[in-house]
Amino acid sequence: MNLAHLPGKEIERFGEHVSTIFGERQFTNVEMRRKSAQLANALKSLGVGKGDRVIIQMPNCPEVLQSFTAVYSLGAVVVPINFMVGDAETAFIYQDTGASTVISNKMFLPKIETCRKEAPELRNIILTDPEVPEGTLSYHALCDAQPDAIEIAAVGDDDLAALIYTAGTTGQPKGVMHTHGSLLANAEMQQATLNLPSGMTSVLVLPLCHSYGIASMNFGMLVGGGCSVVLDSFDIDKVFAAIEKYKANMIGAVPTMYIFMLLHPDPKKYDLSSMKYWICGSAPLTLETWERFKATFGFEIIEGWGLTEAGANNAVNPFEGKKKIGSIGLPMKGTKMKVVDDQGIVVPPGTQGEILISGPMLMQGYWQKPEESAKVLRDGWLYTGDVGYQDEEGYFFITERKKDIIIKGGENIAPREVEEVLYSHSKVSEAAVVGMPDEVYGENIKAFVVLLPGETATAEEIIEYAQTKLKKFKSPKEVVFLDALPKSLVGKILRKELRKM
């Protein structure tokens with residue numbers, strides 16, 4: 001089934017209702033579908049057809065969601081690019097996809113013009129601004145000139161729907177190929193697992209031009225009857241004010257966002273009582289952050305896990321039921337997960353190994369990279385590169401990325417074990433550790449620490465503290481203080497950047 005049918009099915013079930021709020025603008029589900037149909041007709045008039053790639057590159061706004069449905073309607077392929085991605089990576093994606101069309105806004109036109117020099121196929125630049133410069137096309141003028149109905153293209157479950165580029169935390173970004181079938185399966189698995197009621201109000205603050213945005217939109221259509229409050233940037237007061245004003249029930253965030261929330265000078269300023277589901281993903285959440293959030297705000301953060309290669313939502317702690325702090329929870333319904341050793345043999349509960357995942361939500365592979373695809377997709381299983389274990393009750397825990405393990409004197413040390421201790425220090429806001437060359441041990445432990453505002457500390461103080469909680473062998477040898485840790489656009493700490501330091 002074409003994903004573009006989901007909005008119509010939602011309207012059939014719940015009728016017309018406000019579905020999207022952005023600043024002072026409110027849109028009903030019917031208005032959103034009409035605008036998507038107009039954009040689809042406009043794209044069609046520009047020569048976009050089945051299988052063509054369309055780049056969507058702009059900050060959070062309703063036009064992102066409208067563009068997704070419009071592109072699906074034609075049987076074309078969505079290529080979301082976070083607007084904060086650098087020029088070199090953006091140019092690579094333009095070139096790699098061979099896209100002819102980009103939808104963005106005027107603020108990012110200089111970047112687009114720079115990048116299109118590397119991508120001669122790019123012809124159409126559509127901007128969402130009220131007025132657009134010569135040589136570009138107006139999103140709203142194009143839509144207003146088109147009918148608000150379209151015959152949705154017939155596609156198979158295996159037809160490509162989205163090409164989502166990984167964040168490039170470990171090298172050159174790779175285009176993850178998702179089909180209409182894999183993305184729909186992921187949304188259905190989420191709903192079967194969470195069984196959420198209709199009519200929920202969600203705050204969307206993470207980048208929509210990402211697998212998160214695609215998955216959230218599809219999942220929201222299946223739940224139905226709800227409203228998304230779209231925020232164009234992460235500002236703690238804006239987030240809390242939106243929750244209070246619209247009586248929001250759900251938010252997805254990353255650990256860094258929860259850390260910033262804890263820094264709010266007046267945590268009781270806003271009425272957050274409507275919020276039921278504080279969801280966290282993208283990076284490991286420390287026990288210290290979870291406990292401080294519960295003590296400060298009275299809410300429990302629900303940690304989950306997912307990979308772009310598997311639709312972005314694959315395991316979660318039960319929304320209603322037993323939660324295990326530090327765990328990514330249980331596999332979504334219909335998802336298979338296991339932990340294996342280096343020979344691919346399943347290991348007993350409590351034993352660390354690589355986590356594998358299987359199910360109908362897996363990607364087809366990496367765009368134009370058959371060898372890379374074959375390395376991670378084997379016998380129906382995705383080799384995630386995440387190291388962890390499963391406990392006796394079936395909950396999964398991630399200890400580290402496989403390539404991030406520190407091997408000191410032949411012993412494997414998971415960075416997260418050390419980081420948990422550093423986070424528990426009363427002066428530490430954030431911390432990350434990596435391996436550094438060592439003449440004696442091969443590798444040793446180097447810590448990068450961000451202190452809380454107004455705090456001061458020495459490297460010796462941090463090391464001595466770690467040694468009170470860990471064996472000296474597992475404690476950092478060196479500590480470097482930073483104003484902020486380098487992160488990807490969705491909050492993952494970029495260890496490769498720390499290694500360069």
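The values are calculated or read from the model by the stated rules, or taken from the named source; none is laboratory data. Keep in mind that what you see is a predicted model, and the values were worked out from it rather than measured. We place every Cβ from the backbone using ideal geometry, glycine too, and count neighbours over all the protein chains shown.
Data overview
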{"item": "Leading residue by the ranking (nearest to D52 (Cα to Cα)) among those in segment 99-145 that are among the β-branched types (V, I, T), under 28 Å from the mean Cα position of the chain (by Cα) and at pLDDT 95 or above", "result": "T101"}
{"item": "Any hit, segment 468-478, residues being closer than 30 Å to S358 by Cα and outside any strand (DSSP E or B)", "result": "no"}
{"item": "Conditions (1) in a strand (DSSP E or B); (2) small (G, A, S); (3) farther than 21 Å from M177 by Cβ: number failed by A295", "result": "(1)"}
{"item": "Residue count for segment 356-384, restricted to those that are assigned to a strand (DSSP E or B), at positive phi and free of Cβ contacts under 8 Å to residues at least 60 places away in the same chain", "result": "0"}
{"item": "Residue tally, condition within 20 Å of I21 (Cα to Cα) and surrounded by fewer than 22 Cβ atoms within 10 Å (Cβ to Cβ), over segment 63-91", "result": "0"}
{"item": "Enumeration of residues in segment 124-182 that are of a type in the set (D, E) and touching a Gly at 6+ places or on another chain (Cβ under 8 Å)", "result": "D157, D158, D159"}
{"item": "Failed condition for I302, given (1) part of a loop (DSSP other than H, G, I, E, B); (2) of a type outside the set (D, E); (3) under 23 Å from the mean Cα position of the chain (by Cα)", "result": "(1)"}
{"item": "Residue within segment 8-19 that is of a type in the set (G, A, S), within 21 Å of the chain's Cα centre (by Cα) and part of a helix (DSSP H, G or I) present", "result": "no"}
{"item": "Filtered residue count, segment 37-57, keeping only those that are assigned to a helix (DSSP H, G or I) and closer than 22 Å to F108 by Cβ", "result": "3"}
{"item": "Residues located in segment 274-289, provided they are assigned to a helix (DSSP H, G or I) and either surrounded by fewer than 16 Cβ atoms within 10 Å (Cβ to Cβ) or modelled with pLDDT of 95 or more (or both)", "result": "L287"}
{"item": "Hits in segment 241-257 (condition: surrounded by 21 or more Cβ atoms within 10 Å (Cβ to Cβ), touching a helix residue (DSSP H, G or I) at 6+ places or on another chain (Cβ under 9 Å) and not in a loop (DSSP other than H, G, I, E, B))", "result": "I251, G252, A253, P255"}
{"item": "Residues satisfying the stated conditions in segment 61-79, i.e. in contact with a helix residue (DSSP H, G or I) (Cβ under 8 Å, 6 or more places away or on another chain) and farther than 16 Å from N124 by Cα", "result": "P62, E63, V64, L65, Q66, F68, T69, Y72, S73, L74"}
{"item": "All positions within segment 430-445 that are surrounded by 12 or more Cβ atoms within 10 Å (Cβ to Cβ) and either in the same structural domain as T256 (by TED's automatic domain parsing) or in a loop (DSSP other than H, G, I, E, B) (or both)", "result": "Y441"}
{"item": "Selection status of A4, buried (at least 24 other Cβ atoms within 10 Å of the Cβ), outside the structural domain of A153 (by TED's automatic domain parsing), in a helix (DSSP H, G or I) and in contact with a Leu (Cβ under 9 Å, 6 or more places away or on another chain)", "result": "yes"}
{"item": "Selection status of F448, part of a strand (DSSP E or B), of a type in the set (F, W, Y) and assigned by TED's automatic domain parsing to the domain that holds D341", "result": "no"}
{"item": "Hey, D271 of a type in the set (D, E, K, R), in contact (Cβ under 8 Å) with a residue 60 or more places away in the chain, farther than 26 Å from K427 by Cβ and not in a helix (DSSP H, G or I) or not", "result": "no"}
{"item": "Among the candidates E393, E420, residue that is over 19 Å from T308 (Cα atoms), acidic (D, E) and in contact with a helix residue (DSSP H, G or I) (Cβ under 8 Å, 6 or more places away or on another chain)", "result": "E420"}
{"item": "Subset of segment 8-31 [out of contact with any strand residue (DSSP E or B) (no Cβ under 7 Å at 6 or more places or on another chain) and closer than 10 Å to G224 by Cβ]", "result": "K9, E10, I11, E12, R13, F14"}
{"item": "Long-range neighbours under 7 Å by Cβ, at least six apart or interchain, first residue under 16 Å from R53 (Cα atoms) within segment 64-91, second of a type in the set (D, E) and outside any helix (DSSP H, G or I)", "result": "G75/D159; A76/D52; V77/D52; A91/E118"}
{"item": "Positions within segment 444-494 being more than 27 Å from the chain's Cα centre (by Cα) and of a type in the set (A, V, I, L, M, F, W, C), in sequence order", "result": "I445, A457, A459, I462, I463, A466, L470, F473, V479, V480, F481"}
{"item": "Search result, residues across segment 45-67 that are among the β-branched types (V, I, T) and out of contact with any Ser or Thr (no Cβ under 9 Å at 6 or more places or on another chain)", "result": "V64"}
{"item": "Among the residues listed as L204, L183, the single one being of a type in the set (A, V, I, L, M), over 17 Å from A315 (Cα atoms) and surrounded by 24 or more Cβ atoms within 10 Å (Cβ to Cβ)", "result": "L204"}
{"item": "Scan of segment 58-91 for residues that are polar (S, T, N, Q), part of a helix (DSSP H, G or I) and within 19 Å of the chain's Cα centre (by Cα), ordered by number", "result": "S67, T90"}
{"item": "Cross-chain or 6+ apart pairs with Cβ under 7 Å, segment 105-121 first and over 19 Å from E134 (Cβ atoms), then among the hydrophobic types (A, V, I, L, M, F, W, C) and outside any helix (DSSP H, G or I)", "result": "E121/A99"}
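Yes/no matrix, rows are residues, columns are (1) under 28 Å from C280 (Cα atoms); (2) of a type in the set (A, V, I, L, M, F, W, C):
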{"residue": "V316", "(1), (2)": "yes, yes"}
{"residue": "F319", "(1), (2)": "yes, yes"}
{"residue": "I328", "(1), (2)": "yes, yes"}
{"residue": "M332", "(1), (2)": "yes, yes"}
{"residue": "V339", "(1), (2)": "yes, yes"}
{"residue": "D342", "(1), (2)": "no, no"}
{"residue": "Q352", "(1), (2)": "yes, no"}
{"residue": "M361", "(1), (2)": "yes, yes"}
{"residue": "E372", "(1), (2)": "no, no"}
